[in-house]
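In what follows, a structure is listed as structure tokens, so that the remarks can point back to it.
The values are calculated or read from the model by the stated rules, or taken from the named source; none is laboratory data. All of these numbers come straight from a predicted model, not from anything done at the bench. Note that we place each Cβ from the backbone using ideal geometry, even for glycine, and neighbour counts take in every protein chain shown. Side chains included, ligands, DNA and RNA excluded: accessible areas come from the protein's heavy atoms. Shrake-Rupley method; radii C 1.70, N 1.55, O 1.52, S 1.80 Å.
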There are 2 protein chains.
Amino acid sequence: MRKSHCYIAGWKVAVGICVLVFLAAAAPPEGPKAAIRRVLDDQAKAWNKGDLEGFMDGYWKSPDLTFSSGKDRTHGWDATMQRYRKRYQSEGREMGKLSFSEIEIETLGPESAFVRGRWKVVNSKETLGGQFTLVFKKFPEGWRIIHDHTSN
Amino acid sequence: MRKSHCYIAGWKVAVGICVLVFLAAAAPPEGPKAAIRRVLDDQAKAWNKGDLEGFMDGYWKSPDLTFSSGKDRTHGWDATMQRYRKRYQSEGREMGKLSFSEIEIETLGPESAFVRGRWKVVNSKETLGGQFTLVFKKFPEGWRIIHDHTSN
């Protein structure tokens, strides 16, 4: 009897393993919200390592990228990069520690979405922060920010 | 000869009229950019008549409408309406004259788009203004703003 019991238990384990393998293989690919969330998390991680280029990876590398902040509108990935360099890497400036909160991701179609959220940069002298609205588009290389509106 | 000439001219006019009628009938319906531009123009017209309800027609009449300004985030059409009332219709406040400029409309799909632009309100005491980013979605009733990020 004991032998038979063990045999049944072993059979159940085998089926369990098969089910798990099947579920893993059939798992849907990462959805838009998870993919966008990962872009934002990667941006914060890069920033907090002082890697501005890595942070800028989240943006569409195009002259048509736009960045609105206060009364200024910046056109293009290069100009946006320069803006960040000036504000956070020029003399006497610090990148500090960046975090995002109250992130709300809304898909608009299979290849577009927008994100509302708050940002905070804490450096040795002060805490900066405000709200942002990001427009995302899906490219062959992944989801990228095509427009950023930030307010302090 | 004169009669025959007149006959040919009359025939040409008839064909011309037919072509015009055909073109008018085959004209494509108003595209997304023109429809969105019209929503913005209607908003400004309503505002400048002191018609805040008419202005608010441009917004999605939903508790999920969001309005970000500076550090504040307002949820819902009703709360957004209240915010405008307080700022522009309460005691000592004026609606003034609203205008939009530097409007850039980008479609994101057949039923979504975003708009960058600048707003200006001139009243008897001061000139207010700033930038905005609007996210638009197409509903059975037409294109409506589902998210507004305004900075002063």
*For B:Ser101, indicate whether it is within 15 Å of B:His147 (Cα to Cα) and within 14 Å of another protein chain (Cβ to nearest Cβ).*
no
*Please indicate, with yes or no, whether at least one residue in region A:104-121 is more than 23 Å from B:His75 (Cβ to Cβ), under 14 Å from the mean Cα position of the chain (by Cα) and either more than 9 Å from chain B (Cβ to nearest Cβ) or of a type in the set (Gly, Ala, Ser) (or both).*
no
*Within region A:129-152, track down each residue that is within 12 Å of another protein chain (Cβ to nearest Cβ) and open to solvent by 40 Å² or more (accessible area, probe 1.4 Å).*
A:Lys137, A:Lys138, A:Asn152
*Regarding A:Lys125, is this residue more than 10 Å from chain B (Cβ to nearest Cβ) and in a loop (DSSP other than H, G, I, E, B)?*
yes
*Scan region A:46-69 for residues that are under 28 Å from B:Lys71 (Cβ atoms), in contact with a Gly (Cβ under 8 Å, 6 or more places away or on another chain) and open to solvent by 40 Å² or more (accessible area, probe 1.4 Å) and jot them down.*
none
_Qualifying residue in region A:82-98 (condition: open to solvent by less than 60 Å² (accessible area, probe 1.4 Å), under 17 Å from the mean Cα position of the chain (by Cα) and either touching a residue at least 60 places away in the same chain (Cβ under 8 Å) or more than 14 Å from chain B (Cβ to nearest Cβ) (or both))_ = yes
*Number of the exception - A:Arg37 against (1) more than 9 Å from the chain's Cα centre (by Cα); (2) away from every other protein chain (no Cβ under 14 Å)*: (1)
*Applying the selection to region B:99-116, what residues are under 20 Å from B:Gly70 (Cβ atoms) and surrounded by fewer than 18 Cβ atoms within 10 Å (Cβ to Cβ)?*
B:Phe100
*asked:* Looking at the structure I just gave you, is A:Glu104 part of a strand (DSSP E or B) and among the acidic types (Asp, Glu)?
replied: yes
*Go through region A:128-144 residue by residue and tally those that are farther than 23 Å from B:Arg73 by Cβ, over 14 Å from the mean Cα position of the chain (by Cα) and part of a strand (DSSP E or B).*
1
*Could you tell me whether any residue of region B:70-81 is of a type in the set (Val, Ile, Thr), more than 8 Å from every other protein chain (Cβ to nearest Cβ) and either in a strand (DSSP E or B) or crowded, with 16+ Cβ neighbours inside 10 Å (or both)?*
yes
